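Heads up, the thing below is written out as structure tokens.
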Amino acid sequence: MSLPFIVLSVITVPAEALAGNISNFKVTVDKVTHISSLPMNSTSKLISDVFEIKNDLDGKFTKAVSITLPFDIKNVDFDKSVVGIYWLNEETQKWILLDNIQVDKVNATVTGSVDHFTKFAVLATAKPTIPPISIVFSDISGHWAEAKIRQAGSIGIVGGYSDGTFKPNAAVTRAEFAVMLMNSVKPQGVGAALTFIDTAQIGAWAQKAIAQAVQAGIISGYEDGSFRPDTEITRAEMAAMIANALDESIAKNAITGFADEENIPAWAKGSVAYVKQAGIVQGKGDNRFAPQDHATRAEVVAVLVNMLAQKNE
């Protein structure tokens, strides 16, 4: 694809993003001419040229840089698609959405932030289809996650309470999350025999899901041999289980880009970096991940709906 007009890409590199001698720092931007071999899926459409951006310094930036690219706005139906800048992961052959996406429909450009240079392109990705609503909750009207809660209820990820409520702000236990996660990925079989030292404390309603998660390598428990089914799940644990469920090979001690990175456990950093890059889990205010915060029911179902969208790409 070649755009019918010329708009220069804009790259903003903060001075504090560079380490070492930057006196000869040089950036090159080249249009990729052979794009037929690049990966693409049925839910995404290329609406820009593909650019390869390089610099003469090794490694990632210490602070995110901003990239702005033009796109063919005439080739986009905004009612059905979401526009964003993506970078190509050469190892997984997947396009990863940049952070802090901003679309300028007037100038037909889109801006995002990233911590390294590689191949970039603007994609229009189909909005997920919301299934017909077959379940109604009485306490989610106007909630930020209302649409995803309804979607999750309709496809059987989660149910409500006997009084018709969903309780979106209630915390989720490890057993509850295992059930929701297995309802999402729908594994086959009854799972592995449970040998946790506190297996007797796992409710019958959750035993099959936890057994399936153990068999799939999604859950391993704590170092003391316990599972702690009634402990509220942390955001770090949730990220690790989701990465395991998607069978992602995660490098430990990866750079996540969150402001509170020093608080993220080493065993979770790779998973947190992945779910962030994949657009599955978002940070909180001030670019914090808050790894030890407990996840609410609304947060969990929103994350699981995002996970399914990533899994189906």
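The values are calculated or read from the model by the stated rules, or taken from the named source; none is laboratory data. Worth saying up front: this structure is predicted, and the values here are computed from it rather than measured. Don't worry about glycine lacking a Cβ; one is built from the backbone with ideal geometry, like all the others, and counts go over all protein chains shown. All accessible areas refer to the heavy atoms of the entire protein, side chains included, with ligands and DNA or RNA removed. Shrake-Rupley method; radii C 1.70, N 1.55, O 1.52, S 1.80 Å.
Things to note:
- To the nearest 10, the accessible area of TYR161 is 90 Å² with a 1.4 Å probe.
- Sparse-neighbourhood loop sites, chymotrypsin sites (Phe, Trp or Tyr not before Pro) in segment 180-266 - DSSP loop, at most 15 other Cβ within 10 angstrom: TYR222
- What the Cβ-Cβ distance of ALA266 and VAL106 gives, at R0 = 45 Å and to the nearest 0.05, is a FRET efficiency of 0.50.
- For SER81, the shell of other residues with beta-carbons less than 11 Å away shows a net charge of +1, using +1 for Lys and Arg and -1 for Asp and Glu.
- Which of ALA273, PRO39, ILE218, positive extreme of dipole for the chain (C-beta unit charges): PRO39
- Most to least accessible of ARG174, ARG150, ARG228 (protein chains only, probe 1.4 Å): ARG228, ARG150, ARG174
- Compared with the alpha-carbon gap, the fully stretched path from MET40 to LYS186 is longer by 50.0 nm at 0.36 nm per residue.
- LYS119 accessible area, assembled protein chains, probe 1.4 Å, Å²: 30
- Choice from GLY257, GLY279, GLY160 showing the highest fluctuation, given a GNM over the chain with Cα pairs closer than 10 Å: GLY160
- Within straight-line cross-link reach of LYS276, lysines at Cα separation under 18 Å, skipping those fewer than 8 residues along the same chain: LYS60, LYS63, LYS94, LYS252, LYS284, LYS311
- Inter-label distance, LYS54 to SER162: 6.7 nm, where each label sits 7 Å from its Cα along the C-beta direction.
- In the frame of its principal axes, the chain has Cα extents of 64, 46, 35 Å, reported largest first.
- Take the Cα of ASP30, step 7 Å toward its Cβ, do the same at GLU223, and the gap between the two points is 4.8 nm.
- The chain, relative contact order in percent, only Cα pairs under 8 angstrom and at least six apart counted: 15
- GLN282-LYS63 FRET efficiency (beta carbon distance; Förster radius 30 Å; 0.05 resolution): 0.95
- Each stretch of four or more DSSP H residues adds -39500 (n - 2.57); spread over every residue of the chain, this sum gives -7000 deg cm²/dmol at 222 nm.
- In order along segment 293-302, phi translates into HN-Hα couplings of 5, 8, 7, 8, 4, 5, 4, 5, 5, 4 Hz, rounded to whole numbers, per the Karplus curve 6.51 cos²θ - 1.76 cosθ + 1.60 with θ = phi - 60° and x for Gly and Pro.
- Sites ASP79 and ALA147 - FRET efficiency at Förster radius 25 Å, r taken between beta-carbons, to 0.05: 0.95
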